[in-house]
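Step one of this worksheet: look at the structure below.
Readers should treat all values here as calculations from the given coordinates under stated rules, not as data from a laboratory. Since the model is a prediction, treat every value here as computed from it, not as a measurement. A quick note on method: Cβ atoms are made from the backbone with ideal geometry, for glycine too, and the neighbour counts reach across all protein chains shown.
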Amino acid sequence: MSWVFDEEVLAVLAAIAVIAIVFAVSQALYAGRVVEPFSELGLLGSSGKIGDYPRNVAMGLPFQLNIYVGNHEGKVMYYRVLVKVGDKSSIVNASTPLSTEPIMDVRVVLEHNSSRIIPINITLYEPMINARLVFEMWIYDEVAGVFKYHGRWNQLWINVTENAAPTSSQGHSRVLSLSPSIESKVAEAYAAVRRAEEAGGDIREMSTLLNSAIEAASRGDLYVAEKLLETVLSL
């Protein structure tokens, strides 16, 4: 049986062959590489799902939300999510963070292609109508040694109603910030994780210990935090 091809059919086959070659070459070039690195920031309700957000909360009483953070940057990342309170006149966008002090500081270290849902309890102590609860993603710049706004943010509009029961605190919920000494040690440990990653090592244990150290420091258990950081640096 013989096959007869006219010029039009041959042209189509040639085009398909070129596309196949280009695709194969691109797959070889980008194998193991992240073509478009990105990070994810999401806000989930108390059940850990999209929706089920509170619309009204009582002043001085905690309410729960969940923060979703995802890393697809091609390397291990050190994230901060700053929680801030604004109103209708507040300005926040992909290039400008909200110009106000945070009421909460949430931190996590994530390996490439990993994510985490972080439960948080927020307490607001001032009555407000249409309060703008803003969640900003910041990432650690290992070259500059500082956190930089990453342009990812979420918001929740909420009413804070007066509570008849007395409250023991004034202002918003306290910021869970790290002391300068612990801050520098966490940065040093993160740099060690990055070096191990670039050397092709398995960084899962180091990342887990580093997150445990951050959590311990955030709740004020500095002794445990320092011991965990020492372990990370020794690996």
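What is the gain in length, in nm to one decimal, between residue 49 and residue 157 on full extension, counting 0.36 nm per residue of separation less the C-alpha to C-alpha distance?
Additional length available on full extension: 37.2 nm.
With all pairs of different C-alpha atoms in the average, the Kirkwood value for the hydrodynamic radius of region 37-175 is 15.7 Å.
For region 63-95, the list of trypsin sites (Lys or Arg not before Pro) that fall in a loop by DSSP and count at most 16 other C-beta atoms within 10 angstrom reads 75, 88.
Pairs exceeding 24 Å between alpha-carbon atoms, taken from 84/148; 148/185; 84/185; 84/227: 84/185; 84/227. Each principal axis of the Cα cloud of region 103-235 was evaluated for its coordinate range; sorted largest first, these ranges are 56, 33, 25 Å.
Each DSSP beta bridge with both residues in region 35-167 is either parallel or antiparallel, and the antiparallel ones are about 95%. With 0.36 nm allotted per residue and the present C-alpha distance subtracted, the residue 35-residue 199 stretch has 57.0 nm of extension available. Taking label positions 7 Å along the Cα-Cβ direction at both residue 218 and residue 233, the computed distance is 2.3 nm, reported to one decimal. By the Cα gyration tensor, region 178-235 has an equivalent ellipsoid whose semi-axes, rounded to whole angstrom, run 20, 11, 8 from largest to smallest. Compared with the direct C-alpha span, the chain from residue 143 to residue 188 gains 15.0 nm at full extension, assuming 0.36 nm per residue.
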